[in-house]
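As structure tokens, the structure follows; a few thoughts come after it.
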Amino acid sequence: CVVKMVQKYQSPVRVYKYPFELVMAAYEKRFPTCPEIPVFLGSEILHESRSDDGAIHIIERSCKLNVDAPRLLKKIAGVEYVFFIQKNTVNWKERTLRIEAHNETFANRVVVLETCSYSVHPENEEWTCFEQSASLDIKSFFGFESTVEKIAMKQYTSNIKRGKEVIEHYLKELISQGITFIPRWTPPSESGQKDEQILAVGHVAGDVPVESEALETTKEQTGSSCSPMEAVSPDADKLDADYIERYLGQLTPMQESCLIRLRQWLQETHKGKIPKDEHILRFLRARDFNIDKAREMLCQSLAWRKQYQVDYILQSWRPPALLDEYYTGGWHYQDRDGRPLYVLRLGQMDTKGLVKALGEESLLRHVLSINEEGQKRCEENTNLFGRPITSWTCLVDLEGLNMRHLWRPGVKALLRIIEVVEDNYPETLGRLLIVRAPRVFPVLWTLVSPFINDNTRQKFLIYSGNNYQGPGGLVDYVDKDVIPDFLGGDCVCNVPEGGLVPKSLYQTDEEPENSDHIRLWTETIYHSASILKGAPHEIVVEILEGESVITWDFDILKGDVVFSLFHSKRAPETSHKEAMLPSTSIAGDNMQLIDKTWVLGVDYSRMESPLVCREGESIQGSHVTRWPGFYILQWKMHGPLPCSGSSLPRVDDVLASLQVSSHKCKIIYYYEVLASKDFRGSMSSLESCNSGFSQLSGATTSSSQSQSSSHLSR
């Protein structure tokens, strides 16, 4: 059985702010042996050649390495040392050195290939650039493939770190000896160039030089002052090590390699706009630098961004006036670490009213615009504070949180928003500070936390009551002069105070006003319906298992309505009903299902006592089903006209009633079917909270008979 494992490494561009010739002189000091690199035991020259003019010098060496591997493994392998063949080609005229190395030991079992290059910096001929790439392909190794891979990668990355120190050591040694300048190569005919200037150069696999620690890291000097997409230098598509440290933070060699490789892959294959480096890095962090998983996640997100034109959301999105007044969130300076600070007074927000007045689409677009703005503010703070700022802090005040925030459609909308943000803005939340958490908070946390990534969840800090005050509280994370006034601080915070959204603003149309762009939310949580005299609105729910729970939540926006629940073993025929009653097409959002030939008590039966619902009321309820079959939720106009459930008026009566426009009721409704065990779990957690919601738990305590419950909130 042949096991195949391939590992790849790609370095960033490392910039030495020294001329090529001086860097080569430092590099030359590593041969034939190098006490600074203990694993490098020595080398011998196999072949050497020069061009006639001395401009090109090629050396091929055999290099002996001592690998830090377990004694047993060395014994099984039957070797004490590992040999590499290395070919170095220096071109003094072009001022380049190319290094190619491969392993000679175990070449039939393991293939190590390495390519390095030194060249002149494209924007400053007095500086030198270094790049390195390598691959490790373990075909088979006595059943120890995984162990060998780990040893090889560990040794390789540690030698990369060691290589940084070695080149620095020799550069400083040269300077201390007074060697600060070595003349460039010139053709022999012009100056009679001496052979001694042609330096013998060499390199050992795995040893990597890096930028001088004495050198200042300034993007302006290295030509990286703009994002890689906008840069104009010949190497604009490459990242240099100084830029990574200054703008992206401290990364290990393998993390740098993952970033560079994923970025290269995007440049080669992605047709649209290449995301910024910090954005690519967030996806790598979210997938623990597994390049394949990060690539898959990033590609899905890029397709999503393109489909919904998210790149233009900051220019195109204008929040409705309702959001400006009732959405209780906003940006507010930064925290102690320089992260942008977003304040959300969730307890003061009428989430239910906002969903019903604006729809989920507007809320989701608004949340996306906040995330886009957050990324922009991170970039601004990175420039402002001179260090990488890649995430923001969210301060959530739960004062006022109650059961209104925990109604099921709202939690469903929240989970959908969390899912979209987690998929497309990973690793953007640096810290979440939750203050004044009330008793009902654990219920919300139980519902929401399973949908939040583990990495994100570890960034949550929760304070109940007044625990956020004093040492160990907010002052540890936010400067006192930035803490909002409503939390006892000195700073005026311009976040809206919120309040209840008037029911007169609730949305009744299926399509919200933002129809100029593709909908992010394909299904709306709430649907609207018109109810006419003699033309009730009906929806059917098919139950396959005996014990399930049907839940509903509806608002009466206009008129008085009677709500009923029926059960039938027969499937209603919608097409037949629509043909019989033209009112469905006239009303637009009215559906009738119960056939006029059906007899109550024979073809279908009543499961709920009729509930009279008045204009302006909000009704929530549930029903535990006892039998499989078809359950019909019905809303009909409440009035003095007799209208039994078993017989509906003739078509002529309905058409006549349509002529009176005032005879029309409006509702918005939501329903869902849950498995009984899921409903029982969610309701028992709500039961401990003193609220009308605890009435619902009564419906799940017994399954011996069909039970139901409805209640209203004004």
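Calculated over segment 392-497, the projected area of the Cα convex hull averaged across directions stands at 7.1 nm². Restriction of the GluC sites (Glu not before Pro) in segment 529-565 to DSSP coil positions whose beta-carbon has at most 13 other beta-carbons within 10 angstrom yields GLU545. Surface calculation, 1.4 Å probe, protein heavy atoms: PHE130 sits at approximately 0 Å² accessible.
Taking every alpha-carbon pair within segment 311-504, the share separated by more than 27 Å comes to 26 percent. Rounded to the nearest 20, the Cβ-based charge dipole of segment 6-177 about its Cα centre (Lys and Arg +1, Asp and Glu -1) stands at 740 debye. When only alpha carbons are used to place a centre, segment 285-326 and segment 529-564 end up 36 Å from one another. A Stokes-Einstein calculation at 4 °C with viscosity 1.567 mPa s, built on the Kirkwood radius of segment 6-177 over Cα pairs, returns a diffusion coefficient of 74 µm²/s.
At a probe radius of 1.4 angstrom, the accessible area of segment 311-504 per residue rounds to 42 square angstrom.
Ranked by the mean number of other Cβ atoms within 10 Å of their residues, highest first, the peptides 284-295, 445-456 fall in the order 284-295, 445-456. For the pair SER504 and GLU123, a Förster radius of 41 Å applied to the C-beta separation gives a FRET efficiency near 0.05, rounded to the nearest 0.05. For segment 241-308, the share of accessible area belonging to carbon and sulfur comes to 46 percent (1.4 Å probe, ligands and nucleic acids excluded). Separation of segment 349-391 and segment 1-64, taken as the distance between their Cα centroids, equals 49 angstrom.
Ranking HIS537, HIS47 by solvent-accessible area of protein heavy atoms (1.4 Å probe, all protein chains present), from largest to smallest, gives HIS47, HIS537. Taking θ as phi - 60° and the Karplus parameters 6.51, -1.76 and 1.60, the scalar couplings of segment 151-159 work out to 4, 4, 5, 5, 5, 5, 5, 5, 5 Hz in sequence order, x denoting glycine and proline.
Overall size of segment 241-308 from C-alpha positions, given as principal axis extents largest first: 34, 21, 20 Å. Rolling a 1.4 Å probe across the protein heavy atoms gives segment 6-177 an accessible surface of 45 Å² per residue. Note: relative contact order over segment 1-142, using C-alpha pairs below 8 Å and six or more positions apart, is 30 percent. Measuring only protein heavy atoms, the 1.4 Å probe finds CYS394 accessible over about 20 Å². When ILE179, ILE525 are compared by accessible surface with a 1.4 Å probe, the order from highest to lowest is ILE179, ILE525.
Counting only protein heavy atoms and using a 1.4 Å probe, the accessible area of ILE543 comes to about 10 Å². Just the number please: accessible area per residue for segment 241-308, 1.4 Å probe, all protein chains included, in Å². Here the per-residue accessible area is 47 Å².
Restricting the calculation to Cα atoms, segment 387-445 yields a radius of gyration followed by a Dmax of 13.6, 43 Å.
Whenever you get a sec, compute what percent of the accessible area on segment 1-63 sits on carbon and sulfur atoms (1.4 Å probe). Of the solvent-accessible surface of segment 1-63, carbon and sulfur hold 53 percent.
The distance between label points at LEU72 and ASP53 comes to 6.0 nm (points 7 Å beyond Cα on the Cα→Cβ vector). Among the GluC sites (Glu not before Pro) within segment 1-80, those in coil by DSSP and having at most 11 neighbouring Cβ atoms inside 10 Å are GLU80.
The values are calculated or read from the model by the stated rules, or taken from the named source; none is laboratory data. Quick caveat, the model's predicted, so the values are computed rather than measured. All Cβ positions, glycine included, derive from the backbone under ideal geometry; neighbour counts span all protein chains shown. Ligands, DNA and RNA are excluded from the accessible area calculation, which covers all protein heavy atoms including side chains. Shrake-Rupley method; radii C 1.70, N 1.55, O 1.52, S 1.80 Å.
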